[in-house]
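The structure appears right after this line, and notes come after that.
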Amino acid sequence: MMNNKIKYEIPESGNVKIRVVDIIGNPVRVILNEHKEPGNYEISLDRESLNPGKYYYKVLFSCSNGNGKVKEEEPEVTILTGQVKIEVL
């Protein structure tokens, strides 16, 4: 089974959202939407989570204040974009 890994790094604590769209830009799924501490992360996409095909992803980040809530004055920013291909076995 082929795994496609998305690796990303966040500089400070905040909310991370990973959106996946199909080749023509239709939203497919939000595969992650949670608070993370600073550091390096990796998430895998595989054929159990998506149908075979080519997809694009966007990793979005928004800063949080000390209690885990997103700062209203801090908009979501894109920190990474890329492409993954889920193959038929």
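The values are calculated or read from the model by the stated rules, or taken from the named source; none is laboratory data. The model shown is predicted, which means the values in this text are computed figures rather than measured ones. Ideal geometry is used to build each Cβ from the backbone, glycine not excepted, and the neighbour counts take in all protein chains shown. When the accessible area is computed, the model is the full protein with side chains, heavy atoms only, and any ligands, DNA or RNA have been set aside. Shrake-Rupley method; radii C 1.70, N 1.55, O 1.52, S 1.80 Å.
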Being closer than 15 Å to residue 5 by Cβ and surrounded by 13 or more Cβ atoms within 10 Å (Cβ to Cβ) is the filter here; which residues of segment 46-55 pass it?
46, 47, 49, 50, 55
Of residues in segment 1-45 being small (Gly, Ala, Ser), over 15 Å from residue 76 (Cα atoms) and part of a strand (DSSP E or B), the one least open to solvent (accessible area, probe 1.4 Å):
39
Is it the case that residue 62 is at pLDDT 90 or above and among the hydroxyl-bearing types (Ser, Thr, Tyr)?
yes
